[in-house]
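Student: Pasting a structure here, questions to come.
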Amino acid sequence: MSNLKDEKFLVIVESPNKVKTVSNILKKAGYNKAIVMASVGHIMELQNGGPCFNSGIYPADNFRMSLKVAEDKTKVVANLKLAVKTSDKVYLMTDGDREGEVISWSLIHFLKLKEGTYFRAITHEITPKAIIHALENPVPLDMNLVEAGLARMRLDKLIGFGLSPVAKRYIGAKSVGRCQSVGLALVVDRENEITNFIPELYYELFLDFEKDGIHYPQAKYIGTAEEPKDKFSTEEEVNKVIKACNKAYIVKSVQSKTRKESPKPPFCTATFQQEAANKIGLKVKDAMSCAQKLYEGISIDGEHIGLITYMRTDDTEYSPEFIPELKSFIESTFGPEAYTAPRKGKKSGGEQNGHEALRVVDPTMTPEKLTDHLKNDLLVKVYKLIWQRTIASAMPDALYNETIYTIENNGHLFRFSNKTLESPGYLTVYNKTSIEAQQELLAENEELKETNLSYYTLTTHPKPRYTEAALIKELQAREIGRPSTYATIVETILSAQRGYSELQEKEIVPTERGIQLANFLNRAFSEIINLNYTKEMETSLDLIAEGKLSWLDFMNAFYSDLLRNIEANKESETPLETETKECPLCGAPMAIRRSRFGKLFWGCTKYPKCTGIVNRD
């Protein structure tokens, strides 16, 4: 049996930033003949051409793809080929997900690796233990994952190249995408809800009172025992209750109960992106960039180590190997009673579960310790977010003592509550450790002396526009896209080049072009660009990845639907004419637009800076 330490072998990773890390780990472990190089992500692309929308895909030939080395990767591939010639073995250490499996497959294909000379090495964290284990325990290439990844590539190209020319011809849109267009539809639907929302007035009634010179929290009106009611439709209703309250206000009941507040489950990609946006104010792209750097790691005392596990994951469970380490740290730091089994998130049915939850690699590397080795404040903040969630998810509930006071006057009830922290539990990790003494504010049957009723006029509000984090949460809930695509979907929707939407004070606001595109796709291709169809396709891709569905059967069914929809819409719209106009307000070129009601008009190309329009004769 050969010793790998004596052999000359090549390790191919995805990111150039991993090269030094993995190389140092291998050299320190005695693998002195190892060479580490990077593919720099995907090395291949579909070569345009052929009869099918110029897509480079040939449906009649079992959806054969015309693949080539990407133009910007020719030098990378050439250097890898040279390294292969001087190596005894090749270890493919690309990321352990669908995309990583496709990259490994493409490396085998374009580097012309021979069977028995290449091995798949999968690791989910960049640590010496994980790297060495991956090399010493290679696994077969997962062809089900590869076929799922290639099927995704095919259907995305066919949708883009099949529908984009139609959308460009009729409304001047630059591109259509399977997930991006559905995400845009969510944004436009929310904007329509806001635009069409009709506010309604309502009223809430409160009891103000004092005792011993202390002004207490307002007690909210909650109706009567027979008819609960927390708001009124008219002022007449409010005044009727006010007139009825002509007797003394008596404390009818004082009820105390213990309330539990559980820690949130470990991070998956989507919840991390949301938390980074809400707590640190990071855009999705920036949050993932920070996570990538933490995953790739830093040098500490001459050793390069990864700080967090792989950040693209659907899962919210830790690996069994990590749990004893987590348990030991929590018990030694916070006490023997401070550890509980880690919380688990709800399963939506669409998880790929290729990776464990996003977590820190070493619990003992606290954010405070990290500041001695890492001077980038933003990275430390992101690390702290992940470290706190990792530790808190395996700690007890926080316990609150809540006392609810119900006050009665002539059958009408008012209520307020007082909550104090009884046991901090997981909140200790977030530095919320103060235990407040519970004081009984009022006694049962006590009569209140200094009282006053007041009511507020309020209005209903529409749901807010999506932020980046809120849109990702919605995409995740509807099973649109996957961890590796959330950031790309949002980035595409917000692309200035495409002009479909823009950020206004962190809210995603669709432009007129975005609204036109969403409405056009809803009219013309509602069978393909819709939430259910996109979710079904994601589910089908997962089934292919699990070996439960034939990729060819899937592609045949999809392609049949696509052709039928395109054929049905060939004559359904009026194409844009070649006539040109200048904006009467600013002189800029104008283009044919379509209103949200389907009416065509000339609109200034500098919209929204210029709002010039000309009616179409």
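Student: Any residue at all in the stretch 392-408 that is crowded, with 20+ Cβ neighbours inside 10 Å and part of a helix (DSSP H, G or I)?
Tutor: Within the stretch 392-408, one or more residues are crowded, with 20+ Cβ neighbours inside 10 Å and part of a helix (DSSP H, G or I).
Student: Being of a type in the set (Lys, Arg), surrounded by fewer than 20 Cβ atoms within 10 Å (Cβ to Cβ) and part of a helix (DSSP H, G or I) narrows it down to one residue among Lys27, Lys33; which is it? Full working, then the answer.
Tutor: Working: Lys33 fails: part of a helix (DSSP H, G or I).
Being of a type in the set (Lys, Arg), surrounded by fewer than 20 Cβ atoms within 10 Å (Cβ to Cβ) and part of a helix (DSSP H, G or I) holds for just one of Lys27, Lys33, which is Lys27.
Student: Here's something else I'd like to know. Just one of (1) part of a helix (DSSP H, G or I); (2) surrounded by 19 or more Cβ atoms within 10 Å (Cβ to Cβ); (3) not acidic (Asp, Glu) trips up Leu10, so point out which.
Tutor: All conditions are met except number (1).
Student: For Arg312, all conditions in the list (1) assigned to a loop (DSSP other than H, G, I, E, B); (2) surrounded by fewer than 23 Cβ atoms within 10 Å (Cβ to Cβ); (3) not hydroxyl-bearing (Ser, Thr, Tyr) hold save one; what is the number of the exception?
Tutor: Here Arg312 meets the rest and fails (2).
Student: Given the conditions (1) farther than 30 Å from Val490 by Cα; (2) among the polar types (S, T, N, Q); (3) modelled with pLDDT under 95, which single one is not true for Thr224?
Tutor: Single failed check for Thr224: (3).
Student: Mind counting the residues in the stretch 105-128 that are at pLDDT 95 or above and small (Gly, Ala, Ser)?
Tutor: Of the residues in the stretch 105-128, 2 are at pLDDT 95 or above and small (Gly, Ala, Ser).
Student: Shifting gears a bit: Would you please name the residue that is surrounded by the fewest Cβ atoms within 10 Å (Cβ to Cβ), looking only at residues in the stretch 361-383 that are among the β-branched types (Val, Ile, Thr) and at pLDDT below 95? Outline the logic, then answer.
Tutor: To start, the set of residues in the stretch 361-383 that are among the β-branched types (Val, Ile, Thr) comprises 361, 364, 366, 371, 380, 382.
Then keep just the ones that are at pLDDT below 95; that gives 361, 371.
Numbers: Val361: 22, Thr371: 14.
Here the residue is Thr371.
Student: When the residues of the stretch 62-83 are filtered to those that are of a type in the set (A, V, I, L, M) and surrounded by 12 or more Cβ atoms within 10 Å (Cβ to Cβ), which remaining residue is farthest from the chain's Cα centre (by Cα)?
Tutor: Residues of the stretch 62-83 that are of a type in the set (A, V, I, L, M), as a first pass: 65, 67, 69-70, 76-78, 80, 82-83.
Then drop every residue that is not surrounded by 12 or more Cβ atoms within 10 Å (Cβ to Cβ), which leaves 65, 67, 69-70, 76-77, 80, 83.
Values: Met65: 31, Leu67: 30, Val69: 31, Ala70: 28, Val76: 31, Val77: 32, Leu80: 34, Ala83: 38 Å.
Among those that are of a type in the set (A, V, I, L, M) and surrounded by 12 or more Cβ atoms within 10 Å (Cβ to Cβ), it is Ala83.
Results for (1) under 18 Å from Phe110 (Cβ atoms); (2) of a type in the set (Ser, Thr, Tyr); (3) outside the structural domain of Ser560 (by TED's automatic domain parsing); (4) out of contact with any strand residue (DSSP E or B) (no Cβ under 6 Å at 6 or more places or on another chain), shown as yes or no for each residue.
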| residue | (1), (2), (3), (4) |
| --- | --- |
| Gly49 | no, no, yes, yes |
| Asn54 | no, no, yes, yes |
| Asn62 | no, no, yes, yes |
| Met65 | yes, no, yes, no |
| Ala70 | yes, no, yes, no |
| Lys75 | yes, no, yes, yes |
| Ala78 | yes, no, yes, yes |
| Leu82 | yes, no, yes, yes |
| Tyr91 | yes, yes, yes, no |
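Student: Continuing with the same structure: Which numbered condition trips up Thr127, out of (1) out of contact with any Lys or Arg (no Cβ under 8 Å at 6 or more places or on another chain); (2) over 29 Å from Glu45 (Cβ atoms); (3) free of Cβ contacts under 8 Å to residues at least 40 places away in the same chain?
Tutor: Tallying (1) out of contact with any Lys or Arg (no Cβ under 8 Å at 6 or more places or on another chain); (2) over 29 Å from Glu45 (Cβ atoms); (3) free of Cβ contacts under 8 Å to residues at least 40 places away in the same chain, Thr127 fails exactly one: (3).
Student: Sticking with this one: Looking only at the stretch 200-218, how many residues end up being of a type outside the set (Ser, Thr, Tyr) and either at pLDDT 95 or above or out of contact with any strand residue (DSSP E or B) (no Cβ under 6 Å at 6 or more places or on another chain) (or both)? Spell out the reasoning first.
Tutor: Our first condition is that a residue be of a type outside the set (Ser, Thr, Tyr); within the stretch 200-218, this holds for 200-201, 204-215, 217-218.
This time we only want the ones that are either at pLDDT 95 or above or out of contact with any strand residue (DSSP E or B) (no Cβ under 6 Å at 6 or more places or on another chain) (or both), so: 200-201, 204-207, 211-215.
Of the residues in that region, 11 qualify.
Student: Identify all residues within the stretch 164-203 that are of a type in the set (Val, Ile, Thr) and without any contact (Cβ under 8 Å) to a residue 24 or more places away in the chain; write none if there are none.
Tutor: Our first condition is that a residue be of a type in the set (Val, Ile, Thr); within the stretch 164-203, this holds for 166, 171, 176, 182, 187-188, 194-195, 198.
Result: Thr195, Ile198.
Student: Next question, about the same structure. Any residue at all in the stretch 101-111 that's under 26 Å from Ser560 (Cα atoms) and in contact (Cβ under 8 Å) with a residue 24 or more places away in the chain?
Tutor: Quick first cut of the stretch 101-111, residues under 26 Å from Ser560 (Cα atoms) only: 102.
Right, trim to in contact (Cβ under 8 Å) with a residue 24 or more places away in the chain and you get 102.
For the stretch 101-111, residues under 26 Å from Ser560 (Cα atoms) and in contact (Cβ under 8 Å) with a residue 24 or more places away in the chain: present.
Student: Among what's in the stretch 297-317 and is at negative phi and among the acidic types (Asp, Glu), pick the residue that is farthest from the chain's Cα centre (by Cα). Talk me through it step by step, then tell me what you get.
Tutor: Step one: list which residues in the stretch 297-317 are at negative phi, which gives 298-300, 303-317.
Okay, now just the ones that are also among the acidic types (Asp, Glu), so 303, 314-315, 317.
Numbers: Glu303: 32, Asp314: 10, Asp315: 13, Glu317: 17 Å.
Within the stretch 297-317, the match that is farthest from the chain's Cα centre (by Cα) is Glu303.
Student: From the residues in the stretch 165-194 that are within 26 Å of the chain's Cα centre (by Cα) and among the hydroxyl-bearing types (Ser, Thr, Tyr), which one is farthest from Phe601 (Cα to Cα)?
Tutor: Of everything passing the filter in the stretch 165-194, Ser181 is farthest from Phe601 (Cα to Cα).
Student: Name the helices (runs of 4 or more DSSP H) wholly inside the stretch 163-278 in which the number of residues that are closer than 30 Å to Leu521 by Cβ is 3 or more. Show your work before the answer.
Tutor: Working: elements: 178-196, 235-244, 269-275.
So the answer is 178-196, 269-275.
Student: Now a separate question. Mind counting the residues in the stretch 27-63 that are farther than 24 Å from Glu99 by Cβ, of a type in the set (A, V, I, L, M) and touching a residue at least 40 places away in the same chain (Cβ under 8 Å)?
Tutor: 1
Student: Given the criteria at pLDDT 85 or above and touching a strand residue (DSSP E or B) at 6+ places or on another chain (Cβ under 7 Å), does Leu294 qualify? So that I can check it myself, show each step before the final result.
Tutor: On the way: at pLDDT 85 or above: yes; touching a strand residue (DSSP E or B) at 6+ places or on another chain (Cβ under 7 Å): yes.
For Leu294, the condition - at pLDDT 85 or above and touching a strand residue (DSSP E or B) at 6+ places or on another chain (Cβ under 7 Å) - is met.
Student: Can you confirm whether the stretch 278-290 contains a residue that is free of Cβ contacts under 8 Å to residues at least 24 places away in the same chain and surrounded by 14 or more Cβ atoms within 10 Å (Cβ to Cβ)?
Tutor: yes
Student: Here's a follow-up. Quick one: in the stretch 182-228, which of the residues that are farther than 30 Å from Thr534 by Cβ and of a type in the set (Val, Ile, Thr) is surrounded by the fewest Cβ atoms within 10 Å (Cβ to Cβ)?
Tutor: Filtering the stretch 182-228 for residues farther than 30 Å from Thr534 by Cβ gives 198-228.
Now drop any that are not of a type in the set (Val, Ile, Thr), which leaves 198, 214, 222, 224.
On the way: Ile198: 6, Ile214: 8, Ile222: 16, Thr224: 15.
In this case the residue turns out to be Ile198.
Student: Which of the residues belonging to the stretch 245-290 are farther than 15 Å from Leu385 by Cβ and among the acidic types (Asp, Glu)?
Tutor: Glu261
Student: Could you run through the stretch 499-514 and say how many residues are of a type outside the set (Phe, Trp, Tyr) and in contact with a Leu (Cβ under 9 Å, 6 or more places away or on another chain)? Break it down into steps so the answer makes sense when it comes.
Tutor: Initially, the stretch 499-514 is screened for residues of a type outside the set (Phe, Trp, Tyr), giving 499, 501-514.
Next, only the ones that are in contact with a Leu (Cβ under 9 Å, 6 or more places away or on another chain) stay: 501-503, 508-510, 514.
Summing the residues that are of a type outside the set (Phe, Trp, Tyr) and in contact with a Leu (Cβ under 9 Å, 6 or more places away or on another chain) in the stretch 499-514 gives 7.
The values are calculated or read from the model by the stated rules, or taken from the named source; none is laboratory data. Because the structure is predicted, anything quoted here is derived from the model rather than measured. Virtual Cβ from ideal backbone geometry, glycine too; neighbours counted across all protein chains shown.
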